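What follows is a short report on a single structure.
We did not get these values from a lab; they are worked out from the coordinates using the rules stated. The structure displayed is predicted, hence computed values, not measured ones. Heads up, the Cβs are rebuilt from the backbone with ideal geometry, glycines too, and the neighbour counts pull from every protein chain shown.
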Amino acid sequence: MGASPPPRHEASRVRRLLGAAAFPALFTGLVLGMAELPEFGDPASPASTHVSPRFIEDAAAETGAANMVTAVLADYRGYDTLGETAVIFAAGLGCLVILAAAGGRPNLPAAGMSHPFGSVILDAATRILVPVVLLFAVYVLIHGHISPGGGFQGGVLFGSGLIMMRLVWGPAHEGGAHHPDVPVFGPSLRSSLMLACAGILGYAGIGLAAMAFGGEFLNYGTLPLGSDPAHVRELATLGIEAAVFLTVAGTVGVLFDTISIGMRENGVPIGSGRGPRE
Amino acid sequence: MTTYAFAAALFTIGLAGMALLPNLLRKLLAMNVMQVAVIVFFVSLAFKDGATVPILGQGGAPVAAEFMNPLPHTLMLTAIVVSVSTTGLALGLLVRVRSRFETLNERRLLDRLR
């Protein structure tokens, strides 16, 4: 630590002012650069005239998905989405390694906040909200073909339902300490991790199955799910979305659990904005 | 144009926050603001005058001019969830930093590392 000499602070103030002055310049530069962009909403802009007409005009006939975003996400750009799902999974694993599994401990600690902060009102509201949130998450997943939705959105919703339960009812393994009568519901950290693994494996598995039946990786047309190729692709897309759902929901659970465990075990105070020495 | 300028303003605010705020947690939140700026920018590129959301209704064969570009929406959909999980990972790292150095203040951290 040591006391820093005053001149250094003066220098750092000057540097900060100089740094702050750079940002209006950056903003001006960005806006000037954007003047060259096509007009907002221009139907003839390059972004709207190259690949996207193909997606818009052929997606429904080729993939059976009325929601073109889902068609592009799970079918045309399946590789990309596999990579994104792997990134999400890797973030969950990374957090687990950094916080909960440090020191090569054989058993994962019980997940959850150190203190559940559910009051009667929070408890009652959560009992009503959580089932609705979880059900809506599954609806968003299954309806992703024909309405806004899909695996990512549904997975995050499901994960937020899990977080809500953890926040209000406390650790999953310790009987919901604050409300002994509350049925403990929700996956443990280990189960969340397994959900995420099952998701990413299922995604790659569907891709490999397409190869096994003579197609290319993640090109679902060859899967033996029916005679209509668009319908086969629709079913495979639903499988992909379900796999993404599992990965995202599991990873959100892993992230929340590992961070709460890490804060508890590393003695980081929860609740107050400032730590004791800050 | 206004939307682009809005995205540029958000981006600048986020970058300035990352550079100027002393607390690592605030830097992380500023990074999220910057990510939102990129998302706003991409989604605004998908907009077409007179077009609707890229979900097929009951009508006949789809015409490209009637629907917005689905590609930026797809890219940003994954980007949002990826930014959620990378934020989670960064929070995990911050917990470790906080427990080891008992501060998240950048200058104090540098002092302790010296």
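Structure notes:
- For B:PRO70, net neighbour charge (Lys/Arg +1, Asp/Glu -1) across residues whose Cβ lies under 13 Å away: -1
- Ratio Rg/Rh, restricted to the protein assembly as shown and using Cα atoms, in which Rh is the Kirkwood radius: 1.02
- Residues whose amide H comes within less than 5 Å of that of B:LEU56, counting only those at least five positions distant or on another chain, are A:ASN67, A:MET68 (H built at 1.01 Å from N in the peptide plane).
- In terms of surrounding Cβ atoms within a 10 Å radius of their Cβ, B:LYS27, B:LYS48 rank from fewest to most as B:LYS27, B:LYS48.
- Sorted by Cβ density within 10 Å, fewest first, the residues B:THR87, A:THR247, B:THR12: B:THR87, B:THR12, A:THR247
- Computed from backbone phi, the HN-Hα couplings of the range A:67-83 come to 7, 5, 4, 5, 4, 5, 5, 9, 10, 4, 10, x, 4, 4, 5, 4, x Hz, rounded to whole numbers (Karplus: 6.51 cos²θ - 1.76 cosθ + 1.60, θ = phi - 60°; Gly and Pro given as x).
- Using θ = phi - 60° and Karplus 6.51 cos²θ - 1.76 cosθ + 1.60, couplings along the range A:196-211 (whole Hz; Gly, Pro as x): 5, 4, 4, x, 5, 5, x, 4, 4, x, 5, x, 5, 4, 4, 5
- Taking the number of Cβ atoms within 10 Å of each Cβ as an exposure proxy, the fewest-first ranking of A:TYR220, A:TYR79, A:TYR139, B:TYR4 is A:TYR79, A:TYR139, B:TYR4, A:TYR220.
- Mean separation of Cα pairs under 8 Å and 6 or more residues apart, divided by the residue count, gives chain B a relative contact order of 25 percent.
- Distant-in-sequence amide H partners of B:PHE67 (H built 1.01 Å from N, under 5 Å): B:THR52
- The range A:215-270 versus the range B:10-31: alpha-carbon centroid distance in Å: 31 Å
- Integer Hz, Karplus 6.51/-1.76/1.60 couplings in order for the range A:157-166, x for Gly and Pro: 4, 4, x, 5, x, 4, 4, 4, 4, 4
- Spacing of the two label points (7 Å from each Cα toward its C-beta) at B:LEU21 and A:HIS50, in nm: 3.5 nm
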